[in-house]
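Encoded as structure tokens, the structure appears first; notes follow it.
The values are calculated or read from the model by the stated rules, or taken from the named source; none is laboratory data. Everything numeric here is computed off the predicted structure, so don't read it as measured data. Cβ atoms come from the backbone with ideal geometry, glycine included; neighbour counts cover every protein chain shown. We work out accessible area using only protein heavy atoms, side chains counted, and drop any ligands, DNA or RNA first. Shrake-Rupley method; radii C 1.70, N 1.55, O 1.52, S 1.80 Å.
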Amino acid sequence: LYGNEMNFEADTYVVLEIPSPIAEEVMAIRRHLESVPRNFCAEITVAGSSGVGVLSPNQGVDEFIEILEGIVKSTPQIETRFKGINHFPGTGIYYLEPEEQAPFVQMHEKFMNSSIKFTASPFPYHAHCTIKKDDEETLKDFDKIITLSYPDKPFIITTVSVYSLKDNKPNLQYR
């Protein structure tokens with residue numbers, strides 16, 4: 001999937017999609033917490049959130065796709081599981097945390113060290129799957145959220161996708 005209309009004008013991210021049936025469990029948690037856009041896939045972002053910012057609009061699509069495909073081909077398959085629910089201090093973001101950060105960090109660093117252009121991000125890279133995102137930190141439900149049941153079975157990530165987000169609506173750009 002890759003159309004002529006692909007561009008980086010809206011905030012654009014490279015994500016690793018969580019496979020079924022784990023993805024459905026993640027989506028059920030999101031629905032329960034009524035926060036993350038319901039039509040956004042269960043994913044772990046590897047470029048565009050923390051570490052490096054979103055894709056810069058000032059670059060060619062064909063060159064980006066070529067580099068993306070090279071990074072994907074050179075990255076070993078990632079097998080992981082979630083080890084718990086965590087929270088970024090000072091934010092309204094709660095997330096599922098993968099058991100191992102290393103394979104995600106390695107892939108993120110390949111993007112960071114490539115010639116792909118990104119905007120700046122004030123946050124260091126930390127692999128996570130967002131389950132709740134509020135505009136500000138609210139700790140009133142902290143104990144309830146971090147003790148929720150979550151999927152902890154191992155899974156293998158097989159899909160790398162590129163999504164843009166405009167008006168809080170995700171648009172699949174490339175898979």
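Brief remarks on what is shown
- Using a Gaussian network model of the chain in which every pair of alpha carbons under 10 angstrom is joined by a spring, one finds that among LYS83, LYS144, LYS110 the greatest mean-square fluctuation is at LYS144.
- Per residue of the chain, the DSSP helices (runs of n ≥ 4 H) give a summed -39500 (n - 2.57) that works out to -7000 deg cm²/dmol at 222 nm.
- Hz values of 3J(HN,Hα) by residue in the range 144-151 - Karplus curve (6.51, -1.76, 1.60), Gly and Pro given as x: 5, 6, 6, 9, 4, 5, 9, x
- The string of couplings for the range 47-60 from the Karplus curve (6.51, -1.76, 1.60, θ = phi - 60°) is 7, x, 10, 9, x, 9, x, 5, 5, 6, x, 8, 7, x Hz, one whole number per residue in order, with x for Gly and Pro.
- The alpha-carbon of LYS110 sits under 18 angstrom from the alpha-carbons of these lysines, leaving out residues fewer than 8 places away in its chain: LYS73.
- Principal-axis tilt of helix 22-33 within the chain, Cα atoms, nearest 10 degrees: 60
- Taking the average, over residues, of other Cβ atoms within 10 Å as the packing measure, peptides 157-165, 84-92 rank 157-165, 84-92 from highest down.
- Exposed loop sites here are GluC sites (Glu not before Pro) assigned a DSSP state other than H, G, I, E or B and surrounded by at most 15 other beta carbons within 10 Å; excluding them, the longest clear run of the chain is 35-98.
- Alpha-carbon geometry of the range 79-168: the Rg and the Dmax are 14.8, 43 Å, given in that order.
- Accessible surface of the range 1-135, 1.4 Å probe, proportion on carbon and sulfur as whole %: 49
- For the pair the range 65-130 and the range 138-174, the centres of their Cα atoms are 12 angstrom apart.
- Probe 1.4 Å, accessible area per residue of the range 1-106, Å²: 48
- The chain: angle of helix 61-73 to the longest principal axis, Cα-based, in degrees nearest 10: 60
- Cα pair distances of the range 54-115 binned at 5 Å [whole percent]: 4, 14, 19, 17, 17, 14, 12, 3
- With a Förster radius of 30 Å applied to the beta-carbon distance between ILE146 and THR119, the computed FRET efficiency rounds to 0.45.
- Length-normalised contact order of the chain in % [C-alpha pairs under 8 Å, at least 6 apart]: 37
- Dimensions in Å of the range 125-174 - Rg and Dmax from alpha carbons: 14.9, 38
- A DSSP coil position with no more than 14 other Cβ atoms inside 10 Å describes none of the chymotrypsin sites (Phe, Trp or Tyr not before Pro) in the range 18-116.
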